[in-house]
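S.K.: I am attaching a structure below and will ask some questions about it afterwards.
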Amino acid sequence: MDTTITLGSIAVDVVLKDIKNIHLSVYPPTGKVRISAPARMKVETIRLFAISKLDWIKQQQRKLREQEREAPREFLDRESHYVWGKRYLLDVIEKDAAPVVELRHRKMLLRIRPDSPEERKQDILDEWYREQIKIAVPPLIAKWEPLLGVSVNHFIVRKMKTKWGSCSPGAKTIRLNTELAKKPTECLEYITVHEMVHLLEPSHNARFVALMDQFMPKWRFYREMLNRLPVRHERWAY
């Protein structure tokens with residue numbers, strides 16, 4: 001059963017699932033709030049939980065509404081694109097051959113078949129960004145596994161609309177957002193470590209914060225760096 005809780009001017013969508021723990025999410029771009037809760041949990045219990053998190057909800061909503069967004073992409077010559085935090089100017093080359101993306105000096109070369117639609121150009125670049133993450137992450141995992149004393153069985157790279165990463169502690173799997181390939185490499189390392197620490201502590205509780213402080217003392221600096229950077233412009237669906 002799904003329902004909605006109203007806390008003043010804030011509407012909280014509640015989804016009851018076959019899960020063990022309660023989860024709170026605030027979604028971009030407008031700060032829509034959703035709670036996933038165990039199917040047997042009483043609505044009043046969920047309401048009290050939401051009230052206890054009200055200050056955090058408002059803080060997250062404010063951050064989302066204030067965060068800068070990239071201009072819509074048209075994939076035209078000299079359009080700005082970013083790789084590992086550096087700006088490149090797009091150079092579209094139409095050629096009847098397999099699509100290729102290359103970086104040369106300060107240019108991003110996109111070779112594509114003539115008359116390819118905008119969606120095709122987007123797909124090619126998304127896949128290229130995904131490959132950059134796939135190349136960059138294994139050395140980070142290899143570096144941090146012995147430091148944290150954990151083992152990652154599998155990592156997945158995909159486009160996410162609401163998170164930079166996620167973790168499934170039981171399966172020892174971490175997921176990373178394709179968009180991280182546009183951000184400075186320190187941001188990718190921070191998110192990778194963040195998700196790996198969830199193998200030690202699944203929740204964002206005091207123990208999780210203490211572990212992050214222990215293993216990556218500058219993690220708050222990297223988090224703020226990531227939060228200050230523009231995020232992708234797109235139509236968001238829930």
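S.K.: Take the residues in the range 162-179 that are basic (Lys, Arg) and either farther than 11 Å from Leu200 by Cα or open to solvent by less than 50 Å² (accessible area, probe 1.4 Å) (or both); name whichever of them is modelled with the highest pLDDT. Give the derivation first.
M.R.: First, pick out the residues of the range 162-179 that are basic (Lys, Arg): 163, 172, 175.
Adding the requirement that they be either farther than 11 Å from Leu200 by Cα or open to solvent by less than 50 Å² (accessible area, probe 1.4 Å) (or both) leaves 163, 175.
Values: Lys163: 82, Arg175: 96.
Once the filter is applied, the top-ranked residue is Arg175.
S.K.: Follow-up. Would you check which residues across the range 169-219 are in a helix (DSSP H, G or I) and farther than 20 Å from Lys134 by Cβ and list them?
M.R.: Initially, the range 169-219 is screened for residues in a helix (DSSP H, G or I), giving 178-182, 185-197, 206-215, 219.
Matches in the range 169-219: Val197, Ala206, Arg207, Phe208, Val209, Ala210, Leu211, Met212, Asp213, Gln214, Phe215, Trp219.
S.K.: Restricting to the range 6-44, name every residue that is in a helix (DSSP H, G or I) and open to solvent by less than 70 Å² (accessible area, probe 1.4 Å).
M.R.: First, pick out the residues of the range 6-44 that are in a helix (DSSP H, G or I): 43-44.
Correct list: Val43 only.
S.K.: Still on this structure, please answer the following. Return yes when Asp2 is under 30 Å from Asp126 (Cβ atoms) and open to solvent by 30 Å² or more (accessible area, probe 1.4 Å) and no when it is not.
M.R.: Working: under 30 Å from Asp126 (Cβ atoms): no; open to solvent by 30 Å² or more (accessible area, probe 1.4 Å): yes.
Here the answer is no, as Asp2 does not meet what is asked.
S.K.: Continuing with this model, one more query. For the range 144-161, state whether one or more residues are open to solvent by 70 Å² or more (accessible area, probe 1.4 Å), more than 17 Å from the chain's Cα centre (by Cα) and of a type in the set (A, V, I, L, M).
M.R.: At the first step, the residues of the range 144-161 found to be open to solvent by 70 Å² or more (accessible area, probe 1.4 Å) are 146-147, 153-154, 158-159, 161.
Adding the requirement that they be more than 17 Å from the chain's Cα centre (by Cα) leaves 146-147, 153-154.
From what is left, the residues that are of a type in the set (A, V, I, L, M) are 147.
Yes, the range 144-161 contains at least one residue that is open to solvent by 70 Å² or more (accessible area, probe 1.4 Å), more than 17 Å from the chain's Cα centre (by Cα) and of a type in the set (A, V, I, L, M).
S.K.: Can I ask one more? So if I check each of Tyr222, Tyr129, which one is buried (at least 17 other Cβ atoms within 10 Å of the Cβ), among the hydroxyl-bearing types (Ser, Thr, Tyr), part of a helix (DSSP H, G or I) and at pLDDT below 95? Lay out the reasoning, then the answer.
M.R.: On the way: Tyr129 fails: at pLDDT below 95.
Sole residue among the options that is buried (at least 17 other Cβ atoms within 10 Å of the Cβ), among the hydroxyl-bearing types (Ser, Thr, Tyr), part of a helix (DSSP H, G or I) and at pLDDT below 95: Tyr222.
S.K.: Tell me which of these Leu76 doesn't satisfy, since it passes every other one: (1) at pLDDT below 90; (2) among the aliphatic types (A, V, I, L, M); (3) open to solvent by less than 30 Å² (accessible area, probe 1.4 Å).
M.R.: Going through (1) at pLDDT below 90; (2) among the aliphatic types (A, V, I, L, M); (3) open to solvent by less than 30 Å² (accessible area, probe 1.4 Å) one by one, Leu76 breaks only (3).
The values are calculated or read from the model by the stated rules, or taken from the named source; none is laboratory data. Since this is a predicted model, take the numbers as computed values, not measurements. Using ideal geometry, Cβ is built from the backbone for each residue, glycine included, and neighbour counts are taken over all protein chains shown. Remember, those area values only see protein heavy atoms, side chains included, never the ligands or the DNA or RNA. Shrake-Rupley method; radii C 1.70, N 1.55, O 1.52, S 1.80 Å.
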